[in-house]
Each structure stands twice: as C-alpha cells, then as structure tokens.
Amino acid sequence: MSRWGLLLLLSELALVSLCAVQHVEAAEGLEPPLTLKWHYYRNSCRDAETYVRHQVEYYWKPDKSLTPKLLRLLYSDCFITGCDASILLDGQNSEKTAPQNSGLEGYGTVVIDKIKQVLEQRCPGVVSCADILNLAARDAAHLAGAPSYPVLTGRRDGMSSSKASVDLPSPSISWEEALAYFESRNLDVLDLATLLGAHSMGKTHCSYITDRLYNYNSTGKPDPDMDPSYLAQMRKQCPPNSKSQGDPQVFLDPASGSSYTFSNSYYSRLLNHQATLGIDQQLARGDDTSQIAQEYDAGLEDFRKEFALSMARMGNIKVLTGNQGEIRKNCRAVNSK
C-alpha cells in the first residue's frame, strides 16, 4: 500500500479519535499488514490502551527523558528484525548487548516492564510486548508535544534476539547511506528526514561526535559544516579524551534540553549548521532532505502531521501476526515451553 493508502486508513481512524494526520506527498511505501487492526484488543482487553497511556503518563511526569528513551527503543526494535519486541529480550548475546545499543537498557525498558505487569494482572497473556512498545512510544511522544495518532495493533512477540542481527548504522554516515538503510526497510526520504526529527529530544555520548569536533574524516580538523560557535561549545563539553573520562552525554538539541520538548527546532539548528550528530547535519546536504528540513523549520504543524504518519509506517516493519511468534508473559524472556 502506498503512503497515500496508509494515510487514508489512518485518517479515517483519526476522524473517530480526533487525531490530526493529513496527506503531504504521495510515495510508494510500506504495506501495512492486513491483520493489524485499530482497537485489536477491544474484546480481549478492552482498556489495554488506556492502561498503557496511564502508566506512561505516571512515569513520564517525574522523568521526561522517557520520551526519547522509548522512541529509541522502538527504532532499535523495528529496524533490526522488525517490530517484534526482540530488543526487550535479555541474554548474553541479545540485541541490546550490541555496541550500537549501548545505554539502551534503563528507564525505558523498566517502564515497559511495569506496563506489562499491569496488563498481565488485568488481561493475562493477551497484549504483546511489541504492541505495548508501539503504544507507549506514541503516548510518550504525545506528552512531549507530538501529535497522538491511531496505532494499529495485533503484533506478536518474537522468539529470539541476536546481537549478530544488529546492523544499526553509525550516526556519522552520509545522508545517502542513511537513505539506503531506510529504503532497505521500505521507508523513504520523507520518513528519513521526519523520523530524525525525534533528535529534537534526548542525549548522545561524546564518543559519537568527537570525530566531528577534532578529526573529521581523519583530517585532523573539525567538521567544516559545524558552526564555529557551536563547535566551541561542544568542545567544552566533549574534550578529546572524553571516552576515558566516562564518555559524558550532551543534549542532541540544546534548544529542547532537559525539557525534552517535541519541536521543530532540530531543523532550524541543522540549517544553521548547529546539529550535534553528523547524520543530522548531513540532511542539509541532500536536495530533498534539505527542502524537507526547510519546510519543517517554517511550519511545526507540517512536521507534527508527517511525524505521525512516519511513526505509523515504522511501526509496521516486518511485524509478526496471527500464529507467528507468541504473546510473552515477561517482555524480557520468551515463554517457557
């Protein structure tokens, strides 16, 4: 189904739920599994989405960093083997142990555990961890200022998780490489430029940006695309030996900072050469991505509406349905036989 077809489906649901999802540009894209449904748990666990929403709000209020943590969890889950909650499985060689997923374990996974416990008490063996993660990420993003949108449910949980399957790219790749990676998941350039906008919230480790600050492309010089004043600011927070000093973290978007607010300031910053990650600054180099960034910088609502659609498309990557997979009782472990 095309982006337009998915939009029509979500828009029909949005009329009922008063969500704002509109069409911006038609493009061939991800086909949503026909077995995913709106309110899939209507008969088996009627208030499942309400339980998720209340728990997310409860844990978000004291620590608003929950939003970027859940968004990162969802991205890391969906882009590896599909949206099957395999990222949540524990194990010596599970996906979360891969270097690209360093720091993934923490508040976000604990909150998913808490939500699962509540749902198991009320509706044992009914709601999948994969659906919980998709719903929780949507609700946390909405609390931060993103639009709410209908999440189609009915996903099943994966039965395995392997570090070897993790192919998440470096945050220093070019926009062309990033686009190729997104296209391998049947997403497009609009999804790429839109989903990276989630970097308006959250933090990253200095080790991911020291190359930009001191030795860009092994030149011994900083990234010429970085604004000099921002370069000086970042160098104060990330000295050359940052990793040996505990690899401190910096905000991806200082304009949002500790408020963790969903906004379009990310696009303003990259257009002004003040992006933190290399891949974020790379968006200004592509004709299409630069144009999208300019449109989002000029209008927050355009970004909010397209973000809802791109999140829905990401949530449909290689889902398990029907008799595939299982409904885990504990999101950290497959069910015992």
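The values are calculated or read from the model by the stated rules, or taken from the named source; none is laboratory data. Treat the numbers as computed from the prediction; the structure is a model and nothing was measured. Every residue, glycine among them, receives a Cβ derived from its backbone with ideal geometry; neighbour counts consider all protein chains shown. The area values use the complete protein model at the heavy-atom level, side chains included, leaving out ligands, DNA and RNA. Shrake-Rupley method; radii C 1.70, N 1.55, O 1.52, S 1.80 Å.
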Would you check which residues across region 202-231 are closer than 25 Å to THR261 by Cβ and either open to solvent by 50 Å² or more (accessible area, probe 1.4 Å) or of a type outside the set (A, V, I, L, M, F, W, C) (or both) and list them?
GLY202, LYS203, THR204, HIS205, TYR208, ARG212, ASP227, SER229, TYR230
Within region 38-89, residues over 16 Å from GLY106 (Cβ atoms) and in a helix (DSSP H, G or I) come out as ALA48, GLU49, THR50, TYR51, VAL52, ARG53, HIS54, GLN55, GLU57, TYR58, CYS78, SER86
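For (1) more than 21 Å from LEU66 (Cα to Cα); (2) among the aromatic types (Phe, Trp, Tyr); (3) touching a strand residue (DSSP E or B) at 6+ places or on another chain (Cβ under 6 Å); (4) at pLDDT below 95, each residue gets a yes or a no:
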site: TYR214; (1), (2), (3), (4): yes, yes, no, no
site: SER229; (1), (2), (3), (4): yes, no, no, no
site: SER259; (1), (2), (3), (4): no, no, no, yes
site: ARG269; (1), (2), (3), (4): yes, no, no, no
Which condition breaks for ALA144 when tested against (1) at pLDDT 95 or above; (2) in contact with an Asp or Glu (Cβ under 7 Å, 6 or more places away or on another chain)?
(2)
Tell me the residue from SER170, SER162, SER184 that is more than 26 Å from LEU283 (Cβ to Cβ), open to solvent by 30 Å² or more (accessible area, probe 1.4 Å) and out of contact with any Gly (no Cβ under 7 Å at 6 or more places or on another chain), please.
SER162
